[in-house]
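Q: Can you keep this structure in mind? I'll have questions shortly.
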Amino acid sequence: MKELKTVNEWYDVLEQSKENPLFVLKHSTTCPVSAAAYNAFESSATDVPKYFLKVRESRPVSNEIESNLRVEHQSPQLFLLKDGKAVWHATHYSISGPQIEHAVKDYGSN
């Protein structure tokens with residue numbers, strides 16, 4: 001997993017999604033629900049590249065993601081990106097190993 005800290009890194013990841021699907025997690029370091037989602041995401045058995053950002057520490061990145069993807073901000077929030085768009089997303093307790101595997105199976109193939 002790689003942490004996104006700048007808007008430029010976000011745009012690089014968005015471009016990469018045009019070649020291969022990838023995940024981006026918006027994570028709150030002060031929320032226990034987000035901690036559980038982060039752990040599920042980190043331990044999920046998928047070959048899809050994984051990125052995350054800490055919402056409070058990287059607010060401009062979080063805002064840019066919301067604007068680019070046109071999905072209202074929530075935290076935790078997980079996106080599966082493909083072709084520069086969010087093809088799947090989940091929030092809060094919906095972020096789990098089985099849901100991540102399901103998203104890859106249904107939306108992640110090239």
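The values are calculated or read from the model by the stated rules, or taken from the named source; none is laboratory data. What you are looking at is a predicted structure, and each value in this text was computed from that prediction instead of being measured. Here Cβ is always computed from backbone atoms with ideal geometry, including for glycine, and neighbour counts include all displayed protein chains.
Q: Considering only region 20-79, state which residues are among the charged types (D, E, K, R), surrounded by 14 or more Cβ atoms within 10 Å (Cβ to Cβ) and either assigned to a strand (DSSP E or B) or in contact with a helix residue (DSSP H, G or I) (Cβ under 8 Å, 6 or more places away or on another chain) (or both).
A: Lys26, Lys50, Lys54, Glu64
Per-residue answers, yes or no, for (1) more than 21 Å from Gln99 (Cβ to Cβ); (2) among the small types (Gly, Ala, Ser):
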site: His27; (1), (2): no, no
site: Thr30; (1), (2): yes, no
site: Ala36; (1), (2): no, yes
site: Glu42; (1), (2): no, no
site: Ala45; (1), (2): no, yes
site: Val48; (1), (2): no, no
site: Phe52; (1), (2): no, no
site: Glu57; (1), (2): yes, no
site: Ser62; (1), (2): yes, yes
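Q: Now a separate question. Could you grab the pairs with beta carbons closer than 6 Å, sequence gap of 6+ or different chains, first residue in region 52-69 and in contact (Cβ under 8 Å) with a residue 24 or more places away in the chain, second one among the aromatic types (Phe, Trp, Tyr)?
A: These pairs meet every condition: Val61/Trp10; Glu64/Trp10.
Q: Right, something else. Spot the failing condition for Ile100; the list is (1) part of a helix (DSSP H, G or I); (2) of a type outside the set (Gly, Ala, Ser); (3) crowded, with 20+ Cβ neighbours inside 10 Å; (4) at pLDDT 95 or above, and only one is missed.
A: (4)
Q: Now for a different question. Being β-branched (Val, Ile, Thr) and within 13 Å of the chain's Cα centre (by Cα) is the requirement here; does Val24 meet it?
A: It is true that Val24 is β-branched (Val, Ile, Thr) and within 13 Å of the chain's Cα centre (by Cα).
Q: Can you confirm whether Asp12 is loosely packed, with under 14 Cβ neighbours inside 10 Å, without any contact (Cβ under 8 Å) to a residue 24 or more places away in the chain, more than 20 Å from Ala103 (Cα to Cα) and not basic (Lys, Arg)?
A: Yes.
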